[in-house]
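Structure, as structure tokens:
The values are calculated or read from the model by the stated rules, or taken from the named source; none is laboratory data. On a predicted model such as this, the values are computed, not experimentally measured, just so you know. A quick note on method: Cβ atoms are made from the backbone with ideal geometry, for glycine too, and the neighbour counts reach across all protein chains shown.
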Amino acid sequence: MSKVKLAVIADIHHYSEKLGNTGRAYELRSGSDQKCLAETGAVVDSAFSMFAESDIDAVLIVGDITNDGERASHEEILRKMQELDKKKPVYLITSTHDWCSDNHARRFAGEDVFTDVETLSGEQVRDWYASFGEKTLLSSFDTPQGFTSRSFLLGDNVRLLAINDDCNGEGGKSGYDENHLSWVYSQLEEAKAKGQYVIAMEHHLLLHNVGSLINKGQSIADNFGMASKFADKGLRLMFVGHSHMQRTTEFISENGNKITQVNVGSLCGYPAPVTYVTIEDGEAEIKVDYLRGFTYNGKEYGASFFEKHTSDVMYNLLNSAVSDKKDFHERLLAQGIRIKSFDKLYPVIKKGANILLKMRVGTAGRLINFFTFGKGIDKKSVKAIKNELLLPLVIKVFLCVFDGSKTAKDFNEETKKVVFDAGTLFERIVKKLPLKANKKAGLLKTAKQISDIAGELVYPALPDNEYCVISLK
Ligand SMILES: [Fe+2]
Ligand SMILES: [Fe+2]
């Protein structure tokens with residue numbers, strides 16, 4: 001039986017440096033984003049040269065290829081992909097950021113942000129990337145929105161469904177209309193008849209991985225309904241991107257059929273993941289690896305670059321809150337946060353940020369327990385880590401969102417308990433509040449969603465987010 005080994009990456013968001021890579025406006029933009037901007041070309045070069053030299057059979061790219069659909073970014077990334085394609089075939093889907101669905105393409109010069117950036121239309125995006133995988137194309141489907149889903153044969157017996165879900169769901173959401181769905185079903189049936197195993201990729205989420213509070217808006221329309229349909233029709237493995245979070249999630253339909261979603265994080269953001277999948281004898285082995293580094297402007301950067309870049313989004317904001325009012329306000333605006341009466345509130349924010357920067361876990365735990373009559377956070381656990389600074393712990397938990405809780409693997413049991421207790425505190429408080437039943441139910445729903453996130457971050461559900469084996473039968 002043949003074996004197929006693939007490297008899967010997502011959300012490159014390539015940003016052409018022609019759009020600006022210095023100056024205050026650029027620094028603010030770059031400093032507000034979990035993923036990097038100017039360095040994307042160098043990151044891609046590093047990953048692509050590694051792929052070209054490796055034993056993989058092909059590369060899969062799960063959409064959001066450019067930062068915001070800028071023509072200059074497309075021109076550069078297309079060239080890089082065409083070069084890689086000569087050595088390892090590239091299969092890809094594009095997505096909403098590739099045709100700038102939110103009209104948000106910008107360039108940066110000095111203090112100023114400009115919106116006069118040429119972008120590609122959806123049709124141009126479709127045409128520019130249409131030739132990838134052409135030699136192994138089995139079937140295609142054009143959506144009413146002007147995009148194309150395709151199926152390809154990989155090796156002897158693996159069928160890849162590269163599905164474009166842009167705006168094809170109910171109400172213009174990402175997803176699938178009836179005709180599109182019928183095409184997917186036809187591919188699954190045909191593959192079954194021919195003894196082929198099927199893997200698929202779509203850009204937006206099929207399943208909620210961290211929790212519905214974060215993932216609902218990132219998912220396709222009627223996502224669990226679609227997951228059930230796909231699972232019942234025999235699809236076992238779906239790769240998605242979009243959330244920039246690396247995490248593997250299982251779902252079982254009412255009829256008892258399982259589908260696994262591998263959400264591939266952004267290659268250009270922490271933890272710069274590359275997901276390797278080896279398909280053999282009807283099993284897919286999933287192994288997540290991380291980019292070791294890259295060279296940018298002649299300087300070497302290690303994997304720690306990505307962690308620092310993501311952590312700095314929070315650190316720099318808090319530090320500026322304490323030390324520089326103007327800088328802090330500009331950083332907030334760069335993140336799209338507008339605070340009414342900023343001038344009046346600033347002294348309070350400054351004080352709060354100052355406390356947060358210096359506070360230790362023990363002090364925070366004691367404070368919470370004082371107001372919750374000792375029931376907020378497990379006292380023994382707080383005591384065990386009382387001298388740790390609070391902020392680095394908060395940032396480590398933040399990193400867990402993106403790295404499939406890889407960071408939490410190094411937490412001791414006391415740290416996990418403290419984070420879990422803090423994350424579930426709101427729900428426990430709401431349960432005790434003397435509110436009217438309907439008001440309480442609404443509040444409880446949100447509180448429960450927050451608890452779910454806390455639970456998933458420190459005690460992630462199986463399968464393991466870095467390694468698992470999935471049956472494609
Ligand atoms: Fe993205
Ligand atoms: Fe996206």
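For the structure I just gave you, tell me whether residue 98 is within 26 Å of residue 178 (Cα to Cα) and without any contact (Cβ under 8 Å) to a residue 12 or more places away in the chain.
No.
For region 186-203, does any single residue satisfy the condition of being of a type in the set (S, T, N, Q) and either free of Cβ contacts under 8 Å to residues at least 40 places away in the same chain or out of contact with any strand residue (DSSP E or B) (no Cβ under 7 Å at 6 or more places or on another chain) (or both)?
Taking every residue of region 186-203 in turn, at least one turns out to be of a type in the set (S, T, N, Q) and either free of Cβ contacts under 8 Å to residues at least 40 places away in the same chain or out of contact with any strand residue (DSSP E or B) (no Cβ under 7 Å at 6 or more places or on another chain) (or both).
If you go through region 71-86 one residue at a time, do you hit one that is closer than 29 Å to residue 224 by Cα, touching a residue at least 12 places away in the same chain (Cβ under 8 Å) and either away from ligand 1 (no atom under 16 Å from the Cβ) or within 25 Å of the chain's Cα centre (by Cα) (or both)?
No, region 71-86 contains no residue that is closer than 29 Å to residue 224 by Cα, touching a residue at least 12 places away in the same chain (Cβ under 8 Å) and either away from ligand 1 (no atom under 16 Å from the Cβ) or within 25 Å of the chain's Cα centre (by Cα) (or both).
Being basic (Lys, Arg) and surrounded by 18 or more Cβ atoms within 10 Å (Cβ to Cβ) is the filter; apply it to region 234-264 and report the residue that is nearest to residue 159 (Cα to Cα).
The residue in question is 236.
Out of everything in region 401-429 that is touching a helix residue (DSSP H, G or I) at 6+ places or on another chain (Cβ under 6 Å) and acidic (Asp, Glu), what residue ends up being farthest from residue 370 (Cα to Cα)?
414
Quick check on residue 425: is it aliphatic (A, V, I, L, M), over 24 Å from residue 210 (Cβ atoms) and without any contact (Cβ under 8 Å) to a residue 60 or more places away in the chain?
no
Is there a residue in region 375-383 that is hydroxyl-bearing (Ser, Thr, Tyr) and surrounded by fewer than 20 Cβ atoms within 10 Å (Cβ to Cβ)?
no
Grab the helices (runs of 4 or more DSSP H) fully contained in region 376-473, keeping just those with 2 or more residues being closer than 22 Å to residue 271 by Cα.
390-402, 413-432, 437-458
Would you be able to tell me the number of residues in region 217-238 that are in contact with a Lys or Arg (Cβ under 9 Å, 6 or more places away or on another chain), within 16 Å of ligand 1 (Cβ to nearest atom) and part of a helix (DSSP H, G or I)?
The total comes to 0.
Mind checking which strands (runs of 3 or more DSSP E) fall wholly inside region 97-184 and carry at least 3 residues that are more than 21 Å from residue 57 (Cβ to Cβ) and out of contact with any Phe, Trp or Tyr (no Cβ under 6 Å at 6 or more places or on another chain)?
Those strands (runs of 3 or more DSSP E) span 112-114.
Restricting attention to region 87-114, and to residues there that are of a type in the set (A, V, I, L, M, F, W, C) and surrounded by fewer than 20 Cβ atoms within 10 Å (Cβ to Cβ), which single residue is nearest to ligand 1 (Cβ to nearest atom)?
Selected residue: 113.
Going by what's in this entry, would residue 41 be described as closer than 24 Å to residue 326 by Cβ, in the same structural domain as residue 158 (by TED's automatic domain parsing) and either within 16 Å of ligand 1 (Cβ to nearest atom) or not hydrophobic (A, V, I, L, M, F, W, C) (or both)?
no
Please pick out the residue among 181, 205 that is surrounded by fewer than 23 Cβ atoms within 10 Å (Cβ to Cβ) and at pLDDT 95 or above.
181
If I ask for residues that are assigned to a loop (DSSP other than H, G, I, E, B), touching a Cys at 6+ places or on another chain (Cβ under 7 Å) and outside the structural domain of residue 56 (by TED's automatic domain parsing), which ones from region 259-312 would you list?
Answer for region 259-312, where residues must be assigned to a loop (DSSP other than H, G, I, E, B), touching a Cys at 6+ places or on another chain (Cβ under 7 Å) and outside the structural domain of residue 56 (by TED's automatic domain parsing): there is none.
Quick one: residue 56 ticks every box in (1) in a loop (DSSP other than H, G, I, E, B); (2) surrounded by fewer than 17 Cβ atoms within 10 Å (Cβ to Cβ) bar one, so which box is it?
Looking at each condition in turn, residue 56 falls short on (2).
Scan (1) outside any helix (DSSP H, G or I); (2) modelled with pLDDT of 95 or more for the single condition residue 49 breaks and write down its number.
All conditions are met except number (1).
Going by the conditions given, is residue 214 free of Cβ contacts under 8 Å to residues at least 60 places away in the same chain, within 16 Å of ligand 1 (Cβ to nearest atom) and hydrophobic (A, V, I, L, M, F, W, C)?
Answer is no for this residue.
Scan region 239-253 for residues that are away from ligand 2 (no atom under 15 Å from the Cβ), in contact (Cβ under 8 Å) with a residue 60 or more places away in the chain and β-branched (Val, Ile, Thr) and jot them down.
Of everything in region 239-253, those that are away from ligand 2 (no atom under 15 Å from the Cβ), in contact (Cβ under 8 Å) with a residue 60 or more places away in the chain and β-branched (Val, Ile, Thr) turn out to be 248, 249.
If you check 7, 25, which single one turns out to be hydrophobic (A, V, I, L, M, F, W, C) and either within 16 Å of ligand 1 (Cβ to nearest atom) or closer than 17 Å to residue 244 by Cα (or both)?
It is 7.
Yes or no: region 74-90 includes at least one residue that is assigned to a loop (DSSP other than H, G, I, E, B), hydrophobic (A, V, I, L, M, F, W, C) and either within 16 Å of ligand 2 (Cβ to nearest atom) or within 26 Å of residue 49 (Cα to Cα) (or both).
No - not one qualifying residue is present in region 74-90.
Out of the residues in region 298-320 that are small (Gly, Ala, Ser) and more than 18 Å from the chain's Cα centre (by Cα), which is nearest to residue 331 (Cα to Cα)?
320
Is it the case that residue 195 is more than 22 Å from the chain's Cα centre (by Cα), of a type in the set (Gly, Ala, Ser) and either closer than 18 Å to residue 253 by Cα or assigned by TED's automatic domain parsing to the domain that holds residue 243 (or both)?
Judged against the criteria, residue 195 is a match.
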